[in-house]
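Undergrad: Structure below; questions to follow.
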Amino acid sequence: MKKKLIAGNWKMNGSVASNEALIQALSAGAVDAQCLMAVCVPAIYLVQVQRLVAGSGIELGAQDVSAHESGAYTGEVSAAMLREYGVRYALVGHSERRQYHGESDAAVAGKAQRALAAGITPIVCVGETLAEREQGLTEEVVKRQLAAVIHTNGHCISEIAVAYEPVWAIGTGKTASPEQAQHVHAVLRAQLRAATEHADKIHILYGGSMNAANAVQLLSQADIDGGLVGGASLKAVDFLSIIAAASV
Ligand code: PEP
């Protein structure tokens, strides 16, 4: 059985001092962890956190990556640049990027492509809004979002990770029930199976108000291979309890 993956998304949080304290506490607390671990940090802190996580088993992640290789794209950071600083994972298509930066399915697919070409695992985020769920569109939305990435990256699709993050559950304290989450994960797994014979090795993470209290149940679902954790990844004790829940 593959190890679960627990990835923290710090979003736009942190400071030189707090990053150091957090990583020190995580490294000390996660020595016996039996899952894969990563922290996706603001770009400005990648160099600092690369140094801090060295030898700890915690992998370095970025929160975004450019869809372009290089050139006149002010403010963007390329996949090759991220790789130079030891980045192993990059979030692509997080709902906050889709919502506040207008990222289309095609742009997200291009970002995944650049990450894969640089040897970085893109964590492709998909998820429906509350309005979409209420209209019965959940499956249609997540399948459309994933289809764009499969279409562009079919040849190496087994190298991606996916995060199902219902938008209504992100940062709201409302979590999808384990059954709701498992249902969507099974839909995504079936879609991946149609694209690759290696679909079972792909990590499909759940994200959306995952915490110490709900992690065990969510992570025990058949198709939930880990978690993408926002708020609870900023407190060592909370993140470590999710890591412990994923280590059984
Ligand atoms: C996220 O930002 O990807 C996320 C899941 O946030 P939270 O855990 O705070 O809902």
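Undergrad: Under 10 Å, Cα contacts only: if you run a Gaussian network model on the chain, which one of Met210, Met37, Met12 comes out with the highest mean-square fluctuation?
TA: Met12
Undergrad: Which cross-chain or sequence-distant (5 or more) residues have an amide H under 5 Å from the amide H of Leu5, H modelled 1.01 Å from N in plane?
TA: For Leu5, the qualifying residues are Leu36, Gly226, Gly227.
Undergrad: Can you send over the carbon and sulfur percentage of the accessible area for the stretch 1-115, probe radius 1.4 Å, protein chains only?
TA: Numbers: 3000 of 5670 Å².
The C+S portion of the solvent-accessible surface of the stretch 1-115 is 53 percent.
Undergrad: While we're on this one: Compute, for Lys143, the solvent-accessible surface of its heavy atoms (probe 1.4 Å) with the complete set of protein chains present, and express it in square angstrom to the nearest 10.
TA: About 90 Å², rounded to the nearest 10.
Undergrad: Tell me which residues come under 5 Å, amide H to amide H, from Gly230 once H is placed; ignore anything under 5 positions away on its chain.
TA: Amide H to amide H, under 5 Å and 5 or more residues apart or across chains, Gly230 pairs with Asn9, Gly208, Ser209, Met210.
Undergrad: ³J(HN,Hα) across the stretch 14-21 via Karplus (A = 6.51, B = -1.76, C = 1.60, θ = phi - 60°), whole Hz, x for Gly/Pro?
TA: My calculation for the stretch 14-21 gives x, 7, 4, 6, 5, 4, 5, 5 Hz in order.
Undergrad: Let me ask you something else. I want to check the label-to-label distance for Asp32 and Leu130. Put each point 7 Å from Cα in the C-beta direction and report it in nm to one decimal.
TA: 4.1 nm
Undergrad: How long are the three semi-axes of the equivalent ellipsoid of the stretch 159-248, in whole Å, if each is the root of 5 times an eigenvalue of the C-alpha gyration tensor, listed from largest down? Don't skip to the end; give the middle numbers.
TA: Details: eigenvalues 101, 38, 24 Å².
Gyration-tensor ellipsoid for the stretch 159-248: 22, 14, 11 Å.
Undergrad: Have a look at the stretch 109-151 and give its Rg and Dmax from the Cα atoms, expressed in angstrom.
TA: For the stretch 109-151, the Cα radius of gyration and maximum Cα-Cα distance read 12.5, 39 Å.
Undergrad: Given H placed 1.01 Å from N in the peptide plane, which residues other than close sequence neighbours of Val92 have an amide H under 5 Å from its amide H?
TA: Ile123, Val124, Cys125
Undergrad: Related question: Using a Gaussian network model of the chain whose springs link C-alpha atoms within less than 10 Å, name the residue from Glu139, Glu159, Glu76 with the highest mean-square fluctuation.
TA: Glu76
Undergrad: Taking the Kirkwood radius as the inverse of the mean 1/r across Cα pairs, report the Rg/Rh of the stretch 89-216.
TA: Numbers: Rg = 13.8 Å, Rh = 14.6 Å.
Checking Rg against Rh, the ratio lands at 0.94.
Undergrad: Moving on. Compute log10 of I(q)/I(0) for the chain with the Debye formula, placing one identical point scatterer on every Cα and leaving out solvent, at q = 0.16, 0.17 Å⁻¹, to two decimals.
TA: One equal scatterer on each Cα of the chain leads to -1.16, -1.32.
Undergrad: Return the subset of Lys11/Lys174; Lys143/Lys201; Lys201/Lys235 for which the Cα-Cα distance in this structure is over 26 Å, preserving the input order. Write out the running numbers ahead of the final one.
TA: Values: Lys11/Lys174 18 Å; Lys143/Lys201 19 Å; Lys201/Lys235 29 Å.
Check vs 26 Å cut-off fails for Lys201/Lys235.
Undergrad: Sort Val77, Val184, Val216 by accessible area with a 1.4 Å probe, largest first.
TA: Working: Val77 55, Val184 5, Val216 90 Å².
Putting Val77, Val184, Val216 in descending order of accessible area: Val216, Val77, Val184.
Undergrad: Find the relative contact order for the chain and round it to a whole percent, using C-alpha pairs within less than 8 Å whose residues are 6+ positions apart.
TA: About 22 percent, as a whole number.
Undergrad: Let me ask something additional. As a check on your grasp of the helix formula, calculate [θ] at 222 nm for the chain: sum -39500 (n - 2.57) over DSSP H runs of n ≥ 4, divide by the residue count, round to the nearest 500.
TA: Details: 10 runs with 101 residues, N = 248.
Result for the chain: -12000 deg cm²/dmol, rounded to the nearest 500.
Undergrad: In addition: Report the accessible area of Tyr73, computed with a 1.4 Å probe over the heavy atoms of all protein chains in place, in Å² rounded to the nearest 10.
TA: 90 Å²
Undergrad: Roughly how many Å is it from the Cα centre of the stretch 69-87 to that of the stretch 1-32, as a whole number?
TA: 23 Å
Undergrad: On average, how much accessible surface per residue is there in the chain, in Å², for a 1.4 Å probe, leaving out ligands, DNA and RNA? Could the numbers behind the result be given before it?
TA: Numbers: 11040 Å² over 248 residues.
Per residue, the chain has an accessible area of 45 Å².
Undergrad: Same structure again: Most fluctuating residue of Ala17, Ala222, Ala186 in a GNM of the chain with Cα springs under 10 Å: which is it?
TA: Comparing Ala17, Ala222, Ala186 in the GNM, the peak value goes to Ala17.
Undergrad: Placing unit charges on C-beta atoms (Lys and Arg positive, Asp and Glu negative, everything else neutral), compute the dipole magnitude of the chain about its Cα centre in debye, rounded to 20. Before the final figure, lay out each step's value.
TA: Details: 19 positive and 23 negative charges, 58 e Å.
The calculation lands at about 280 debye.
Undergrad: Beta carbons within 10 angstrom, averaged per residue: use that to sort the peptides 38-49, 61-72, highest first.
TA: Working: 38-49: 20.2, 61-72: 18.1.
Highest mean packing first, the order is 38-49, 61-72.
Undergrad: Over 25 Å apart: what share of the alpha carbon pairs of the stretch 16-137 falls there, rounded to a whole percent?
TA: Values: 2322 of 7381 pairs.
Pairs farther apart than 25 Å: 31 percent.
The values are calculated or read from the model by the stated rules, or taken from the named source; none is laboratory data. Computed from a predicted structure; not experimentally measured. Neighbour counts are summed over all protein chains in view; Cβ atoms, including those assigned to glycine, are modelled from backbone coordinates with ideal geometry. Note: accessible area is taken over every heavy atom of the protein model, side chains too, but ligands, DNA and RNA are not part of it. Shrake-Rupley method; radii C 1.70, N 1.55, O 1.52, S 1.80 Å.
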